[in-house]
Amino acid sequence: MRHWALFLLLAIGCNIWQIEAEFFTSIGQMTDLIYVEKDLVKSLKEYIKAEESKLTEIKSWAEKMDQLTHISTSDPEGYLGHPVNAYKLMKRLNTDWLKLENLVLQQTSDAFIANLSIQRENFPTDEDESGAAKALMRLQDTYRLDSESISKGKLPGAQHAAFLTVEDCFELGKIAYNDGDYYHTVLWMQQTLRQLEEGEPSVVTQAEALDYLSYSVYQMGDMHRAIELTKRLIAVDPTHLRAKSNLHYFKKLLLEEGQSDQRMDEEFYQSQSKKEVDMRPDNYISERDSYEALCRGEGIKMTTRRQSRLFCRYHNNNNHPRLIIAPIKEEDEWDSPHIVRYHEMLSDAEIEKIKEIAKPMLARATVRNSVTGILETANYRISKSAWLADDEDPVVNRVNKRIADITGLEMETAELLQVANYGVGGQYEPHFDFSRKEEPDAFRELGTGNRLATLLNYGTSVFWYNLFKSGEGDYRTRHAACPVLVGSKWVSNKWIHERGQEFKRPCGLTEVD
């Protein structure tokens, strides 16, 4: 997939998810792990073949010796009365059994273990696994996917079947619990219980899942349900000391609040025990609601009257020499702020070449610190990116020239072409590309002024101005990249700065010109 979702959001606040995924921020690099695993499987099969060969030889020896000892023990003295038998017994015990011992002790797994040890350096870490789990939960929230659908692999657009076992669901719940995320703990412990109740075999027990579930429900403030779940836990495991202690504590809290411990109606309890809690975290704010709605294809819809003002045209940028013969297809994407889309901006061959160049250079994407102006990683941007200079490859130089031709802007002061790859749950939360008045040092080290305009390439391209002609920031250009639900997303962008554009885009006289 080469899709990039650009969304304009009117709200300004930003809810930051604490995601530590490093390995899983780039599908481009994760594909290497597929081949690592394939190599390990090959090595494992060679080890199995060697072990089978060794076992065949040992089995043959055992069968031979079984026949021999059957004869020798039937008449030991008569057997040893033959000098050849006596000699061969000495030989077997002194030499042949030693050879067998060496055969049994032979480490046919050495090559496999060595390969595994080497490859282990490239394996994901605990942090990577945790990050991938949190990315899955982020997708669950953004696209309103219930735990059962995710567990059964029912994801929109998914081409490969994938299922979560009881152990998988339990581990997801534990990761959420250890992060203090009781909302998702409840969702995944409920799914764990659901699959156990359906009869799926597992080493995870109902008691283990109920232990996490009951306490998480308590943490979310539902005391009555926490008590019912704790009673259910005790019924499953009468020896569970912590459950008994918790039940006493929960009842005490209810009494302090002046409430009695009345057992819920059985039918109501059964319906509640299977129902997924649909509560948002305390730090949930309105912009995330808009952001997630837009990611689902909901949200702001343009009126027919506004749509009638949008046009398509062939754009040659005032008869630019390179665009006269081959003008580019330009389409109005949005009216306010004005955003245009350029069709067939990059060829498939150029896209593949840029991805090929960028892949070995991909590193965790950074954002510029608004106080220090220094590039650093941030939890609200989950992707990997590479910066490509003009001299990296002729195709990069050609693309930069094309951007200059189409926009009519100077590229000398623009930032390098950035290529980003988003992997599992990869996203970029709502943000501005330009620096605000409270961030005077954001681009000081570049010495090229603020980010005047942004061009995003993803097959087609979109272009907009971040600043009004007066130099003031246009707060309507707040945008985001939605979490990747299925597949891999590649995008390249060009940030064009103010310096050098004085005669290409003259200043306006009012603040919103």
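Where a number appears in this text, it was derived from the coordinates with a stated rule and is not lab data. Since we're looking at a predicted model, the values are computed, not measured. No Cβ is skipped: glycine too gets one built from the backbone with ideal geometry, and neighbour counts run over all protein chains shown.
Here are the numbers for the structure shown:
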{"item": "Straight-distance crosslink candidates among lysines, where the alpha carbon sits under 28 Å from residue 45 and sequence neighbours closer than 8 are dropped", "result": "54, 59, 99"}
{"item": "Set of aspartates and glutamates with alpha-carbon distance to residue 355 below 20 Å, sequence-local pairs under 8 removed", "result": "22, 32, 344, 390, 391, 392, 393, 415"}
{"item": "Debye-sum result for region 69-161 in log10 I(q)/I(0), which assumes one identical scatterer on each alpha carbon, at q = 0.19, 0.21, 0.23 Å⁻¹", "result": "-0.98, -1.04, -1.12"}
{"item": "Segment residue 41-residue 333, extension gain: residue separation times 0.36 nm, minus the distance between their alpha carbons", "result": "100.2 nm"}
{"item": "21 Å Cα-Cα reach of residue 469 towards lysines, excluding residues that sit fewer than 8 places from it in its own chain", "result": "437, 494, 504"}
{"item": "Estimated FRET transfer efficiency when R0 is 60 angstrom, pair residue 94-residue 161 (beta carbons, to 0.05)", "result": "0.55"}
{"item": "Along principal axes, Cα extents of region 146-191, largest first, whole Å", "result": "33, 18, 15"}
{"item": "Label point 7 Å beyond Cα of residue 509 along Cβ direction - residues of region 444-488 with amide nitrogen under 20 Å", "result": "468-472"}
{"item": "Size of region 309-349 as Cα extents on the principal axes (Å, biggest first)", "result": "29, 27, 13"}
{"item": "Cα-based Rg of region 416-507 normalised by 2.2 N^0.38 Å, two decimals", "result": "1.18"}
{"item": "Label-point separation in nm, residue 65 to residue 393, each point 7 Å along Cα→Cβ", "result": "6.2 nm"}
{"item": "Per-q log10 I(q)/I(0), region 380-445, q = 0.16 Å⁻¹ (Debye; single scatterer per alpha-carbon; no solvent)", "result": "-0.79"}
{"item": "Å³ per residue enclosed by the Cα convex hull of region 38-113", "result": "74 Å³"}
